[in-house]
1. When the residues of region 108-122 are filtered to those that are assigned to a loop (DSSP other than H, G, I, E, B) and surrounded by 14 or more Cβ atoms within 10 Å (Cβ to Cβ), which remaining residue is nearest to the chain's Cα centre (by Cα)?
2. Return a yes/no flag: does region 73-94 have any residue that is within 16 Å of the chain's Cα centre (by Cα), in a loop (DSSP other than H, G, I, E, B) and loosely packed, with under 14 Cβ neighbours inside 10 Å.
3. Go over the candidates Gly48, Gly15 one by one and state the one that is in contact (Cβ under 8 Å) with a residue 40 or more places away in the chain and on the phi > 0 side of the Ramachandran plot.
4. On the basis of being outside any strand (DSSP E or B) and either modelled with pLDDT under 95 or among the aliphatic types (A, V, I, L, M) (or both), does Val165 make the cut?
5. List pairs: first residue in region 51-78 and of a type in the set (Phe, Trp, Tyr), second residue surrounded by 15 or more Cβ atoms within 10 Å (Cβ to Cβ) and assigned to a loop (DSSP other than H, G, I, E, B) anywhere in the structure, Cβ distance under 6 angstrom, at least six positions apart or on different chains.
6. Suppose we filter Asp98, Asp125 for residues that are acidic (Asp, Glu), buried (at least 17 other Cβ atoms within 10 Å of the Cβ) and modelled with pLDDT of 95 or more; which single one remains?
Amino acid sequence: MSCAGTRYSTGGLDGVGFSYSANLLTPARVLDLIRFKFGPANQLDAIGCGGQTINLPQGQYFGLLLLGTGVEGSQTSQTITVHYTDGTSSQFVQNFSDWFSPQNFPGEFEAVAMSHRNFADGSEDIRIFNLYAYEFGLDSTKTVESVTLPNNRDVVILAATLVGVDAQSF
């Protein structure tokens, strides 16, 4: 995310200089009574997926919610794996729409539609760009341990929340 009129050199969300507007996205969003926090403007604050495994706050949850998007086109058949402390896992295959071209894939919901995106030189691209929500059901009888993200840098995650008795953002 970047602020309007601000130059930046982080490569942007898509690696070629475009980013969501921090002014339009705001520091936090509430979707269906669930709060998502975003990183600071003009800083690296999104994860380009590269198959990395991220430790989760251990607890029993019934859902994992991600806010993210595809860049450089829709990214189809992407695998997300949630690992439990007993050695088992839940695997999900999800399609991610490009931030400019919503495809309304199953399990994908428009979280935020923004009137523009920013470019590294401080200018704005005045078209609609979207951030999407993805929800994955978890086995609430098991304790989560970690999540492995897709191995595709064109899938970008901005925020994540575990939903359940022990609900937490990470």
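1. In this case the residue turns out to be His116.
2. Looking through region 73-94, at least one residue is within 16 Å of the chain's Cα centre (by Cα), in a loop (DSSP other than H, G, I, E, B) and loosely packed, with under 14 Cβ neighbours inside 10 Å.
3. Gly15
4. Details: outside any strand (DSSP E or B): yes; either modelled with pLDDT under 95 or among the aliphatic types (A, V, I, L, M) (or both): yes.
It is true that Val165 is outside any strand (DSSP E or B) and either modelled with pLDDT under 95 or among the aliphatic types (A, V, I, L, M) (or both).
5. Tyr61/Leu138; Tyr61/Gly164; Phe62/Leu138; Phe62/Ser140; Phe62/Gly164
6. Values: Asp125 fails: buried (at least 17 other Cβ atoms within 10 Å of the Cβ).
Of Asp98, Asp125, the one residue that is acidic (Asp, Glu), buried (at least 17 other Cβ atoms within 10 Å of the Cβ) and modelled with pLDDT of 95 or more is Asp98.
The values are calculated or read from the model by the stated rules, or taken from the named source; none is laboratory data. All figures in this text were calculated on a predicted structure; none of them were measured in a lab. We place every Cβ from the backbone using ideal geometry, glycine too, and count neighbours over all the protein chains shown.
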